[in-house]
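Novice: First, the structure itself, so that you have it in front of you.
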Amino acid sequence: MSLVGIDVGSSAVKVAAYSELGELLMVVANNLTGLHPAPGSWEQDAEEVWQAASLGMRELMASDGLRTDPPRAIAISASGRENFLADENGNPLTRAVMGADTRGAEFETPPDGAPVPEPWCQSCGHDRQRMDPVFRLLWWRTHHPEIVEQAKFFLGWHDFLTLRLCARVATDRSTASRYLVYDLGSSDWAPDRISAYGIDPSFLPELLSWPAVIGEIDPQAATEWGLPPRVQLALGGLDVNCAAIGAGVVELGSACLVSGSYENLLAVTGDPPAAGMLRKGLSVMPHPGEAGLSALAVCPTGNAVLNWARSLVGVSIGGVEDQLRAARLEPSPVEAVPYLSGSMVFWEDGRKAKGALIGLTLATTPTDIVQALMESIAYDHVTTLSLLAEEGVDVSRIRATGGGSRSAWWTQLKADLTNTRIEVAEQQESGTLGAAILAGLAIGVFDNLEQVSGRLSGTSRVHEPDPQRAELHHERLAHYHKTVEVLLREVY
């Protein structure tokens, strides 16, 4: 029997099946249509997410591999920054407002005289963010109260799918911790904050602990998805947590570099968040496994920036990689600031930051520009690891996954600059694998998260740090920090 992981991302829904030995049987990805009704707006049709997941599951079930090895359980990996209003039957009343949507910026400013961070920030583990589901709900209440009056639920992707699949609105604690009304101490919703923000408690999903079976998939939903009877829906997790599990990151001292559209770094920890950590844009949330918590740095740079740059200057991924591996050890002659969507870590007022290219000449090549952006994104990892170390979160090894980890040149640069060994996970669909592992734990196929995560993730490459190469970047790294500080103070 097989295990299935569903990963709901910002641009696609991936559905993947794995054998009980961790072998990838098949993966299907269906793209999603980003909707931009106005400048700064980014919305998603929830029904399209459902159809993308349904189409992927039906395609899996039509394959020879799953006909002979049908699924026993399914779990979901999904972002926790997108929500929408729905009626009592789970039918969407609005589109989902995506995490990068700029509306609701007024909620990012603390009330006059409030301490920074505010007390609730340390309780839920993250600072004030416009994409916090509670602030998104307040935005809807402010601008469209008539829709809120009709709504029964304010759903995220995980609880939307659980409602459709087994009539239970439930989510895990890593996803719940993205709500400012979550309390890390009690591992539950905080009644005082629910009351203070005037939230109907029925709007919030039921909270479950790992490992857990949410329920048996409803026969009608099973028919729509082409599933056999009695398939179990298990508790999944936030996308970065599932990616970390699929990459083998569950123990203290390890970190997961998710090099996708965003360049996120998650480090396993056992300690609750400190005020300094939150002031610098780091967050702490529940993480499956014995350590219990993870610290997260979200960086909206990564492949979203590199794809933009490659498209702008007309070069391919392979072409840039070949040129860099053949001839480039020294820093690019161009200096870049990669914050095309702002910065969420380290810099004061970093969210107002924008991108910049400095030192352009008539001799500048397309590769110079892409290299400069790759370097500046890597520089930010140096800062992130320094912040984590200051807060007592030590990282002795990094496990990398995502599209960006396919670049050997870039991954080696990150190892050199951070002076940390980087292991590239063999299983590149780490989000779906992490969800499948949680499904296996829930139904008793696996009995130890740490062991199964390490065994199934595998390693395709290892990058040991090269101090001599890092030395070439020391002066540029120092100048990069000064450049960003000046731009934030004088220009942005």
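Novice: With respect to the numbered conditions (1) small (Gly, Ala, Ser); (2) over 22 Å from Gly270 (Cβ atoms); (3) not in a helix (DSSP H, G or I), which one is the sole condition not fulfilled by Ser186?
Specialist: Looking at each condition in turn, Ser186 falls short on (2).
Novice: Are any residues in region 393-411 among the basic types (Lys, Arg) and within 19 Å of the chain's Cα centre (by Cα), and if so, which ones?
Specialist: Residues satisfying the conditions are Arg399, Arg406.
Novice: Could you tell me which of the residues Leu233, Leu257 is of a type outside the set (Gly, Ala, Ser), part of a strand (DSSP E or B), surrounded by 23 or more Cβ atoms within 10 Å (Cβ to Cβ) and within 16 Å of the chain's Cα centre (by Cα)?
Specialist: Unique residue meeting the criteria: Leu257.
Novice: Looking only at region 89-128, which residues are modelled with pLDDT of 95 or more, part of a loop (DSSP other than H, G, I, E, B) and under 18 Å from Gly34 (Cβ atoms)?
Specialist: Result: Thr94, Arg95.
Novice: Taking region 346-374 as the region of interest, how many residues are surrounded by fewer than 21 Cβ atoms within 10 Å (Cβ to Cβ), touching a Gly at 6+ places or on another chain (Cβ under 9 Å) and within 24 Å of Thr109 (Cα to Cα)?
Specialist: 5
Novice: Would you mind telling me which numbered condition in (1) assigned by TED's automatic domain parsing to the domain that holds Glu108; (2) modelled with pLDDT of 95 or more Ser254 fails?
Specialist: Against the list (1) assigned by TED's automatic domain parsing to the domain that holds Glu108; (2) modelled with pLDDT of 95 or more, Ser254 comes up short only on (1).
Novice: Quick one: count up the residues across region 129-140 that are part of a helix (DSSP H, G or I) and either aliphatic (A, V, I, L, M) or without any contact (Cβ under 8 Å) to a residue 24 or more places away in the chain (or both).
Specialist: 3
Novice: Here is a follow-up. Quick one: which residue in Arg95, Arg103, Arg81, Arg130 is crowded, with 19+ Cβ neighbours inside 10 Å, more than 28 Å from Pro272 (Cα to Cα), among the charged types (D, E, K, R) and in the same structural domain as Gly226 (by TED's automatic domain parsing)?
Specialist: Arg95
Novice: Working carefully through the options Ala267, Ala244, Ala291, find the one that is part of a strand (DSSP E or B) and out of contact with any Phe, Trp or Tyr (no Cβ under 6 Å at 6 or more places or on another chain).
Specialist: Unique residue meeting the criteria: Ala267.
Novice: Scan Ser332, Ser311 and give me the residue that is among the hydroxyl-bearing types (Ser, Thr, Tyr), over 21 Å from Leu488 (Cα atoms) and assigned to a helix (DSSP H, G or I).
Specialist: Ser311
Novice: Tally time: how many residues in region 205-230 are in contact (Cβ under 8 Å) with a residue 40 or more places away in the chain and either among the hydrophobic types (A, V, I, L, M, F, W, C) or touching a helix residue (DSSP H, G or I) at 6+ places or on another chain (Cβ under 7 Å) (or both)?
Specialist: Residues flagged as in contact (Cβ under 8 Å) with a residue 40 or more places away in the chain and either among the hydrophobic types (A, V, I, L, M, F, W, C) or touching a helix residue (DSSP H, G or I) at 6+ places or on another chain (Cβ under 7 Å) (or both) within region 205-230 amount to 15.
Novice: Report yes if Leu208 is touching a Cys at 6+ places or on another chain (Cβ under 7 Å) and in the same structural domain as Ala78 (by TED's automatic domain parsing), otherwise no.
Specialist: Here the answer is no, as Leu208 does not meet what is asked.
Each row is one residue, and each column tells you yes or no for (1) at pLDDT below 95; (2) over 12 Å from Leu257 (Cα atoms); (3) not small (Gly, Ala, Ser).
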site	(1), (2), (3)
Phe346	yes, yes, yes
Asp349	yes, yes, yes
Thr364	no, yes, yes
Ile398	no, no, yes
Gly403	yes, no, no
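Novice: Going through region 319-357 one residue at a time, which ones are of a type in the set (Lys, Arg) and within 27 Å of the chain's Cα centre (by Cα)?
Specialist: Arg351, Lys352, Lys354
Novice: Starting from residues that are among the aliphatic types (A, V, I, L, M) and surrounded by 15 or more Cβ atoms within 10 Å (Cβ to Cβ), keep the ones in region 442-471 and report whichever is nearest to Pro211 (Cα to Cα).
Specialist: Per the criteria, the residue is Ala442.
The values are calculated or read from the model by the stated rules, or taken from the named source; none is laboratory data. Keep in mind that what you see is a predicted model, and the values were worked out from it rather than measured. Virtual Cβ from ideal backbone geometry, glycine too; neighbours counted across all protein chains shown.
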